[in-house]
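S.K.: Just passing along the structure, written as structure tokens.
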Number of protein chains: 4
Amino acid sequence: MYSKFDNLAYEKRASIINASMQEFTDKGYQLASTNEIVKRAGISKGSLFNYFNNKKDLYLFLIEYAIEVSREIMTEIDFNQTDLLERLKQITVIKLRVIKKYPEVFNFLQGVIAEGSEEVKRDVERITMQFAQESYQKLYENLDYSKFRDDIDIQKAIKTIYWTIEGIGNESKEKIKSNNAESFDVDAPFKEMDDYIELFQKIFYK
Amino acid sequence: MYSKFDNLAYEKRASIINASMQEFTDKGYQLASTNEIVKRAGISKGSLFNYFNNKKDLYLFLIEYAIEVSREIMTEIDFNQTDLLERLKQITVIKLRVIKKYPEVFNFLQGVIAEGSEEVKRDVERITMQFAQESYQKLYENLDYSKFRDDIDIQKAIKTIYWTIEGIGNESKEKIKSNNAESFDVDAPFKEMDDYIELFQKIFYK
Amino acid sequence: MYSKFDNLAYEKRASIINASMQEFTDKGYQLASTNEIVKRAGISKGSLFNYFNNKKDLYLFLIEYAIEVSREIMTEIDFNQTDLLERLKQITVIKLRVIKKYPEVFNFLQGVIAEGSEEVKRDVERITMQFAQESYQKLYENLDYSKFRDDIDIQKAIKTIYWTIEGIGNESKEKIKSNNAESFDVDAPFKEMDDYIELFQKIFYK
Amino acid sequence: MYSKFDNLAYEKRASIINASMQEFTDKGYQLASTNEIVKRAGISKGSLFNYFNNKKDLYLFLIEYAIEVSREIMTEIDFNQTDLLERLKQITVIKLRVIKKYPEVFNFLQGVIAEGSEEVKRDVERITMQFAQESYQKLYENLDYSKFRDDIDIQKAIKTIYWTIEGIGNESKEKIKSNNAESFDVDAPFKEMDDYIELFQKIFYK
DNA sequence: GATGAATGAGAATTCATTCAT
DNA sequence: GATGAATGAATTCTCATTCAT
């Protein structure tokens, strides 16, 4: 698929990936300029279009690359942990570790999800859908639901938990954006997560 | 601010607002074409730039206009209802009524929130932030929290409720998008809301 | 169709038509540069694409324009002249008069016929076909074939005449190209035509 | 001239010639892609530009090669046949035999004649002109014109014959193009040629 | 006030040719 | 000798904004 690009030296590849992700993250698909990308990556215009047939191909490649990186999270989950809340706690820790390691990848992916451009929408959906389903499935695999109260709808409880975790994540991002990012305590979300998980144990479990 | 535009005849103003909102909703800020807008609105290019200095001004005006319409929701809330969950139920009903009355305004606002264009991001935030805070404040004004269990953090409970309601809303939108919009039962989210509120009463209230 | 262009001042229109025809004649469809055209015509890049949606549209417009000019020839034929050879003589005179008046149009049309670019081939055929058929029909309308010898195939005789006239035309053009065009005696082809027509009378007529 | 290329193994040379001719025939000079040529020929980009300095050189080489092949026709003409019409008949037969043997060469040559690209026009003319003159000369060498009627201009008669034969050829090509090429009767033009030659005997000979 | 033709910088993409390996 | 990645000028086309009428 992207064989010409894959054969490049590691450093060059990294430079192009970084430059492209940065530009797409900053401006979104449509506004991102291939001119700017080649300038940032320090390569010629012709080269970029040698590696990738066109702007869209480059964008889709980056998504696939970002998903590959994200898969790291999945591989580290301990599936012997059958308690949903404990597993979520665990995942959050892993996730944050990976985000710290590859922050630009996650900023990029966040931008991809928000991307509204008709030109790439369908392909983005096609590519991300599979990963989303696969992740979702793994997330709830081999869980023991017997701890939940008998008088509640467990599916609704799980969704409530899921949306709350999402909410914490988004709130953290907002805080990072509005304050200057440097002064942000990276461990604060974990402390908060713990508090919420304690709450959930109290209200959802027997 | 927009005095030239405000002095226009009502019909012309409406035509321009409709045409612009439609175009911005359809294509997003960057891709929206002023050519298309003037064509849809039946005015000349020069006129548009007489009323609004530039594309960005027009966009920001529309946001302010949409917020003005949205304020209607606030005015109808019954602040004598001090039960949080009952109030949320009530608000959801009002909200849906307004959405049905001005669907294009809400489609536009939804697009605004998703808008990623660096060129307008800051200004959009500035304008929407105020309304968001103001709404948030009113939402939780004059509430009686004594019904909540004493052994939980009420702030966290409220946030959980808030994020869950958001989650239901987003899920509905996703369903509308993936299925064909016509076959969607507009009252289904309300039924679901009721179920969740019942759940919340069971787990958060004494 | 080309309403924006049609509304332009005569001089501007002429300037654009000339510049475009020259460029297309010089380089052919593919190699003709819209950059060069706007430079020659003294207009901005944007303007050209305001008048014509794209390069192809401009090219097709020029063909239609050239055909319109060529139609002048048809209107002047005297259809009371029922002798084929006399009529051909007459047409050649008219044709040369028009060519002298609009030489660039005929150079352009000649290039169009030779044009091989896949991108426009079909459309060029569609547009020129109709005119070609229409011209051919008129050419042989209301003729008296009784003068032809009875022992020959009249259709083959006519084709021979037709191809010979074409041959004279092409030979003249070649001569103009190889010699410097100025020293070319514009009336020479007519003298030659007369000689050939005399020959044809001798060999094909009773 | 093309010594580097001439020293290559026969098979490689043939492969490059075939690939190049095909590409030039398909797309014309300008649009023909050296990338496509090296891909079709199974050689590297660098090699192509080692053998030929540039695209133009390659094109001109192919023309010279094609002319070399075409010369075969000349060698087979029977110059004892002094009757012009009989000789023309004979040449047509030889020509068709060679075309059937090397169809790609003739397709290529046909494309060369139609080629309008300014960049190669002059050189193409220079190269083909010589062969054209040489062929023309041979064609009319050692002929007996005594069979022609005394009351006509023999030169004009010959030109008429020449242009008519050209016309038949072009008409056949048109027919092949418009109908599907497969259903075309390859011997039909010969039948027609015979009819025309019979006509010419009747009208031009004593 | 209203008009809409004109602008031109900037977009994505192509491709013959070079040259270090 | 052979390779194929790298180059960058040139291509067509877009569109918010201006300004003379």
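S.K.: Restricting attention to region A:19-39, which residues are within 17 Å of A:Tyr65 (Cβ to Cβ) and either in a helix (DSSP H, G or I) or modelled with pLDDT under 90 (or both)?
M.R.: Matches in region A:19-39: A:Ala19, A:Ser20, A:Met21, A:Gln22, A:Glu23, A:Phe24, A:Thr25, A:Tyr29, A:Ile37.
S.K.: State which residue is nearest to the other protein chains (Cβ to nearest Cβ) when the search covers only region C:88-108 and only residues that are open to solvent by less than 30 Å² (accessible area, probe 1.4 Å) and modelled with pLDDT of 90 or more.
M.R.: C:Phe108
S.K.: Could you tell me how many of the residues in region C:117-145 are aliphatic (A, V, I, L, M) and outside any helix (DSSP H, G or I)?
M.R.: 1
S.K.: Considering only region C:21-43, state which residues are within 14 Å of chain D (Cβ to nearest Cβ), within 22 Å of the chain's Cα centre (by Cα) and either near DNA strand F (Cβ under 6 Å from one of its atoms) or open to solvent by less than 30 Å² (accessible area, probe 1.4 Å) (or both).
M.R.: Result: C:Glu23, C:Phe24, C:Gly28, C:Tyr29, C:Ala32.
S.K.: Can we say D:Ser70 is touching a Ser or Thr at 6+ places or on another chain (Cβ under 9 Å) and small (Gly, Ala, Ser)?
M.R.: yes
S.K.: Any residue at all in region B:174-183 that is open to solvent by 40 Å² or more (accessible area, probe 1.4 Å), closer than 30 Å to A:Ser33 by Cβ and within 11 Å of chain A (Cβ to nearest Cβ)?
M.R.: There is at least one residue in region B:174-183 that is open to solvent by 40 Å² or more (accessible area, probe 1.4 Å), closer than 30 Å to A:Ser33 by Cβ and within 11 Å of chain A (Cβ to nearest Cβ).
S.K.: Out of everything in region B:1-20 that is among the hydroxyl-bearing types (Ser, Thr, Tyr) and under 21 Å from B:Glu119 (Cα atoms), what residue ends up being farthest from the other protein chains (Cβ to nearest Cβ)? Break it down stepwise before answering.
M.R.: Just the residues of region B:1-20 that are among the hydroxyl-bearing types (Ser, Thr, Tyr), to begin with: B:2-3, B:10, B:15, B:20.
Checking the rest, the ones that are also under 21 Å from B:Glu119 (Cα atoms) come to B:2, B:20.
Numbers: B:Tyr2: 26, B:Ser20: 17 Å.
Among residues in region B:1-20 that are among the hydroxyl-bearing types (Ser, Thr, Tyr) and under 21 Å from B:Glu119 (Cα atoms), the one farthest from the other protein chains (Cβ to nearest Cβ) is B:Tyr2.
S.K.: Tally time: how many residues in region C:25-43 are touching a helix residue (DSSP H, G or I) at 6+ places or on another chain (Cβ under 6 Å) and in contact (Cβ under 8 Å) with a residue 60 or more places away in the chain?
M.R.: Of the residues in that region, 3 qualify.
S.K.: Report yes if some residue within region A:50-66 is closer than 30 Å to A:Glu119 by Cα, within 16 Å of DNA strand F (Cβ to nearest atom), within 14 Å of chain B (Cβ to nearest Cβ) and of a type in the set (Lys, Arg); otherwise report no.
M.R.: Within region A:50-66, not a single residue is closer than 30 Å to A:Glu119 by Cα, within 16 Å of DNA strand F (Cβ to nearest atom), within 14 Å of chain B (Cβ to nearest Cβ) and of a type in the set (Lys, Arg).
S.K.: Return only the number of the condition from (1) within 11 Å of DNA strand E (Cβ to nearest atom); (2) within 22 Å of A:Pro103 (Cα to Cα); (3) of a type in the set (D, E, K, R) that A:Lys45 does not satisfy.
M.R.: (2)
S.K.: In region C:44-56, which residue that is surrounded by 16 or more Cβ atoms within 10 Å (Cβ to Cβ) and in contact (Cβ under 8 Å) with a residue 40 or more places away in the chain is farthest from C:Ile127 (Cα to Cα)?
M.R.: C:Tyr51
S.K.: Let me ask something else about it. Residue by residue through region C:144-159, note down the ones that are without any contact (Cβ under 8 Å) to a residue 24 or more places away in the chain and under 27 Å from the mean Cα position of the chain (by Cα).
M.R.: Answer for region C:144-159, where residues must be without any contact (Cβ under 8 Å) to a residue 24 or more places away in the chain and under 27 Å from the mean Cα position of the chain (by Cα): C:Ile154, C:Gln155, C:Lys156, C:Lys159.
S.K.: Here's a check for you: in region B:1-18, which residue that is away from DNA strand E (no atom under 13 Å from the Cβ) and in a helix (DSSP H, G or I) is least open to solvent (accessible area, probe 1.4 Å)?
M.R.: B:Ile17
S.K.: Quick check, is D:Phe79 closer than 26 Å to D:Ser135 by Cβ and more than 16 Å from DNA strand E (Cβ to nearest atom)?
M.R.: yes
S.K.: Which members of region B:57-72 meet the condition of being open to solvent by 10 Å² or more (accessible area, probe 1.4 Å) and more than 10 Å from the chain's Cα centre (by Cα)?
M.R.: B:Asp57, B:Leu60, B:Phe61, B:Glu64, B:Tyr65, B:Glu68, B:Glu72
S.K.: Working only within region D:146-158, note down all residues that are outside any helix (DSSP H, G or I) and surrounded by 11 or more Cβ atoms within 10 Å (Cβ to Cβ).
M.R.: Kept after step one, since they are outside any helix (DSSP H, G or I), are these residues of region D:146-158: D:148-153.
Across region D:146-158, the qualifying residues are D:Phe148, D:Arg149, D:Ile152, D:Asp153.
S.K.: Going through region A:109-152 one residue at a time, which ones are within 12 Å of chain B (Cβ to nearest Cβ), of a type outside the set (Asp, Glu) and farther than 21 Å from A:Ile17 by Cβ?
M.R.: A:Gly116, A:Lys121, A:Met129, A:Ala132, A:Phe148, A:Arg149, A:Ile152
The values are calculated or read from the model by the stated rules, or taken from the named source; none is laboratory data. What you see is a predicted model, and the numbers here were worked out from it, not measured in a lab. Reconstructed Cβ throughout: ideal geometry from the backbone, glycine too, with neighbour counts over all protein chains shown. Areas reflect the complete protein model, heavy atoms only, side chains present, ligands, DNA and RNA absent. Shrake-Rupley method; radii C 1.70, N 1.55, O 1.52, S 1.80 Å.
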